[in-house]
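To start, the structure itself, in structure tokens.
Values quoted throughout were computed directly from the atomic coordinates according to the rules given, and no laboratory measurement underlies them. Computed from a prediction, not measured in an experiment: that's the story for all the values here. Note: ideal-geometry Cβ built from the backbone for every residue, glycine included; neighbour counts use all protein chains shown.
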Amino acid sequence: MDFWTTDRRGAVEIATYSNPPHNYLGQPVIEELGLLVTGWQDPNIRAVVIQAKPLGTAGFAQYSVEELYGMASDPALSRYAGAVVRGYKAIFDRMMASPKVIIAAMNGDAMGGSFELTLACDLRIGQRGDFRYGNPEIRVGVIPGAGGTQRISRLVGLARALDWVLRGRIVTPEVALELGLVHEVVSDAPARALELAEEIARLPPMAVANAKRALYQGADTNLQAAYETENMNWTEVMQSDDAQLALKTFLAQDPASRRDWFETPSTKTYPAYSGS
């Protein structure tokens, strides 16, 4: 691959993006990402971290405005612009539909299409520094086109999404945390993302996958239908080998220490789950 490198840490896959000199995203970058997403179907992978190799303040940086202008200024290309971003959205949809938890380590700027990429991840870890996250597309005459308007409104609500998109806002990591756009802001986003990925990778894989599916599918329907979605996912995990193993392991704990078993540090002592 020209833009992505991968590294395996146990059951965690780390995908690192780099595109000197500015780390701009473009069509070839997203197409390579699609190949990575396909590879994440490997059952030995139980969580994924995506991160960028920083170039100055640029992490995932932004989508190439040069590429956008080339498309907008050519009538033969601009009339098919919808098909291009529809392809990007399909890749991002596959990320959200993946049974694996995908964590974005935002160790640099992430604006426009790059921020849309992070919105397709399940968890977003911001990093302290002179970085900006946001959707400034409207300021260059376009709009978020790879699902950004819809993911933002579902993430933070319509009122905040209107302010965010219509003003073309970019904000510091700390403000993004206040708005609910990132889950944490730390001094080393890749290290924290890996820590979280390793924790999640030790949990029963079917339970993680079904919980993720129930949350996303339930959020896009009415409450009663969402209850049914949850019920189907609950019923499936209740029939799994991993549920039996996890429940038996918990019951083997002394009642006085069972609460401690739920604490994050205890995850390292959990049994090896098969994923079935």
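Given bins 5 angstrom wide, list per bin the percent of all Cα-Cα distances in the stretch 110-214, short to long.
P(r) for the stretch 110-214, in whole percents per bin: 2, 12, 21, 23, 17, 13, 8, 3, 1, 0.
With springs only between Cα atoms under 10 Å apart, run a GNM on the chain and tell me which of GLY108, GLY39, GLY129 wobbles the most.
Maximum fluctuation in the GNM of the chain, among the listed residues, is at GLY39.
Give me the percent relative contact order of the chain, please, defined on Cα pairs under 8 angstrom at least 6 residues apart. List each step's numbers first, then the result.
Working: 461 pairs, mean separation 44.6, N = 276.
Relative contact order of the chain: 16 percent.
Tally Lys and Arg at +1 and Asp and Glu at -1 over the other residues with C-beta under 15 Å from the C-beta of ARG213: what net charge comes out? All intermediate terms of the calculation are to be shown ahead of the outcome.
On the way: positive: ARG94, LYS100, LYS212; negative: ASP93, ASP122, ASP220, GLU228, GLU230, GLU236.
Net charge around ARG213: -3.
Among the trypsin sites (Lys or Arg not before Pro) in the stretch 45-123, which ones are in a DSSP loop with at most 16 other Cβ atoms within 10 Å of the Cβ? Mind listing them?
Working: sites: ARG46, ARG79, ARG86, LYS89, ARG94, LYS100; in loops: ARG46, ARG79, LYS100.
For trypsin sites (Lys or Arg not before Pro) across the stretch 45-123 that sit outside H, G, I, E and B with at most 16 neighbouring Cβ atoms in 10 Å, the list reads ARG79.
What FRET efficiency, computed as 1/(1 + (r/R0)^6) with R0 = 35 Å and r the Cβ-Cβ distance, is obtained for LEU162 and SER274, rounded to the nearest 0.05? Display every interim value, and only then the final one.
Details: r = 46 Å, r/R0 = 1.32.
E between LEU162 and SER274, to the nearest 0.05, is 0.15.
Determine the sum of side-chain charges near THR235: Lys and Arg each +1, Asp and Glu each -1, restricted to other residues whose C-beta is under 14 angstrom from that of THR235. Let's see the in-between values first.
Details: positive: ARG213; negative: GLU228, GLU230, GLU236.
Residues near THR235 contribute -2 overall.
Using only the C-alpha atoms of the stretch 154-222, find the volume of their convex hull and express it per residue in Å³. Please list the in-between numbers first.
Details: hull volume 7.2 nm³, N = 69.
Measuring per residue, one finds 105 Å³ for the Cα hull of the stretch 154-222.
If you look at just the Cα atoms of the chain, how large are its Rg and its Dmax in Å?
19.8, 70
Give me the net charge of THR172's neighbourhood, meaning all other residues with Cβ under 10 Å from the Cβ of THR172; Lys, Arg count +1, Asp, Glu -1. Present the calculation step by step, with values, prior to reporting the outcome.
Values: positive: ARG128, ARG132; negative: ASP130, GLU174, GLU178.
My count for the surroundings of THR172 gives -1.
Give me Rg over Rh for the stretch 1-80, both radii from the alpha carbons and Rh done the Kirkwood way, two decimal places.
On the way: Rg = 15.1 Å, Rh = 14.1 Å.
On the Cα set of the stretch 1-80, Rg over Rh gives 1.07.
Contact order normalised by length for the stretch 86-220, with contacts defined as Cα pairs under 8 Å and 6 or more residues apart; what percent is it?
30 percent.
Using only Cα atoms, what Kirkwood radius does the stretch 27-171 have, in angstroms? Can you show the working numbers first?
Working: mean 1/r = 0.0633 Å⁻¹.
It is 15.8 Å.
What relative contact order, as a whole-number percentage, does the stretch 93-172 give when Cα pairs under 8 Å and 6 or more residues apart are counted? All intermediate terms of the calculation are to be shown ahead of the outcome.
Numbers: 115 pairs, mean separation 24.2, N = 80.
Rounded, it is 30 percent for the stretch 93-172.
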